[in-house]
Structures are given as C-alpha cells and as structure tokens.
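Structure, as structure tokens:
The values are calculated or read from the model by the stated rules, or taken from the named source; none is laboratory data. Please read all numbers here as calculations on a predicted model, not as lab measurements. Cβ atoms come from the backbone with ideal geometry, glycine included; neighbour counts cover every protein chain shown.
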C-alpha cells in the first residue's frame, strides 16, 4: 500500500526520480525506478506504526523568499542548497570550515582525506555565508554549527565565532572530536570567551572498545564543566559496533548533567562508499535505535515516548 510519494534519487547516477513510500509487513519501504539503472527498493523505517506516529508532526514549510541560488541551471538537488524548489528554511546551518582533521575515523561522514585536496573557505567567504543566513527571509537562520573536518584546526576559529555572534546568531556551535579541548583547558576558555554556545562533541561510547578516544573525551568534558561551557554528546551508532552501549551513554550523560545538555544519537549514514554487505551489516534504523534505548534503560526511556 502506497502511503506517500516523494522525490528521490537514483543511487548510481543521482537522477531525480519519483519515489513511492509504501507499507509492507509492518515496515515502510522506499521504491523508485531509474530508466537507465533499473529498480531500487530500500528499507525506510523498520516500524510502520512509529512512522505513522512521526508523520503526524510532518509540516511542509514555505521555503525561503531570498534563495541564494536558483534552479535555472537545473542543479537541484546536487548543488543548489535552498533553491526555490525547497519548502524548508534553515534552522541550524552547518558550515564546514575545513576538510583537514587530526583523526582518521573509518566511518567519517565527511571522508575528508578521500578528497585529495584541501577545502578551506577564507574568513571573508565565511562571513559572507553567515550574513546570507541571517538575511534569509521570512525567518533568519537562528543557529550555526561550524564543522569539518575538524574546525579546531583553524587558527582563526575564535574570530569566526565572534563574527557569528556579532552578526546576530543566538546559537553558535562547534562540532569537534574534542582532541584540542582535552589537551588545552585554556582553549576551552577562549571558546567560551569568544561566544560559543555549545560544544557538539563526537562521542562514540563509554569504553575503549567502542571509543578509542574515550580518555580524551573525558578530559574535554571535564574542562568544559570547569569552564562552564555546555556540550552535547554525539554518538555515531553502528550496528554491531557500539549499539550495545546506547543505554550506558545515556547514563553517562545523566552522571555529567552539569555540563551535558543531551545526547544526539546519529545512526550511521551511508553515502556511497560502503558495499551493500556493509550497509546490511552496519545500518541501524531509527526504530531499531529506539528499541535499543528502551531495552538498555530498562524502560526508563520508552520507544513510545
């Protein structure tokens, strides 16, 4: 039974296709057909009931009145950002400050080292991006997150944060692996003084088996607590690797409630580099993650919540 239609992509050539979202045997599936590469069928949600519950809160916006680019060149959705075809606005903007990194995680979404070149917009280019976001109509973007790569590798990060606050962003975040924050408490003081609102800390588990930098993370968290700079723990959840620790991560957050504002679980995203076998073995859906949270917290946090 088809429950919704959508625009989707061919996973091989990225052609924009009509997609059917349908319910089958208690799950939600996405199907589409490419004239050149054939038919594709993928699991969308593993719990149809939960999908229907979430759909009650679905809301289509009006888009932006001041798009930075248009679709005149037919570039949507590969290169357009928010062109006139899009119905959403920007609530949290991500700006990659660099693709350089001081780690080499095998599941990195940015996959920075595979590019073969350095991407690093200038300070003036970043300021132009920030101004464009705050001039967005009908509603200016209220929050910006600086990411990468590893944004703390830029020497001008403090200047960028200060400029974002000066331009008017109420919420300014930095997504980081925390290495520099762990090594240098003074650096954390500089971040807070510059106006940083939140540290978005990559945090994949509470043991060295799931999180090779756990000791470093603990130092970064302690420094943030001592300085009074709030943070969010951000685990990338991979089935068979760290999904058995989601309950422990929540408990760890509650034990550090003075500084940890929340845990933002991010099921691993596959963007074309993984084999089909890897996808089948490591992918975890949102309903599966919620099942794990309920089971590993003994029902303190329920899937139905």
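A few comments on the model shown:
- Criterion (modelled with pLDDT of 85 or more and not assigned by TED's automatic domain parsing to the domain that holds residue 195) met by exactly one of 131, 53: 53
- Tabulated pairs, the range 173-191, first at positive phi, second in a helix (DSSP H, G or I) and modelled with pLDDT of 95 or more, C-beta under 7 angstrom, 6+ apart or interchain: 178/216; 178/217; 178/220
- Residue within the range 81-92 that is under 30 Å from residue 146 (Cβ atoms) and at pLDDT 95 or above present: yes
- Qualifying position, being more than 21 Å from residue 267 (Cβ to Cβ), touching a strand residue (DSSP E or B) at 6+ places or on another chain (Cβ under 9 Å) and either modelled with pLDDT of 90 or more or part of a loop (DSSP other than H, G, I, E, B) (or both), among 70, 5, 66: 5
- Total residues in the range 43-67 satisfying the condition of being surrounded by 15 or more Cβ atoms within 10 Å (Cβ to Cβ) and within 26 Å of residue 14 (Cβ to Cβ): the figure is 7.
- Qualifying residue in the range 277-293 (condition: outside any helix (DSSP H, G or I), outside the structural domain of residue 241 (by TED's automatic domain parsing) and touching a residue at least 60 places away in the same chain (Cβ under 8 Å)): no
- Checking residue 138 against (1) part of a loop (DSSP other than H, G, I, E, B); (2) surrounded by 13 or more Cβ atoms within 10 Å (Cβ to Cβ); (3) out of contact with any strand residue (DSSP E or B) (no Cβ under 7 Å at 6 or more places or on another chain); (4) at pLDDT 90 or above, the condition it does not meet: (2)
- Number of the exception - residue 224 against (1) buried (at least 23 other Cβ atoms within 10 Å of the Cβ); (2) outside any helix (DSSP H, G or I): (2)
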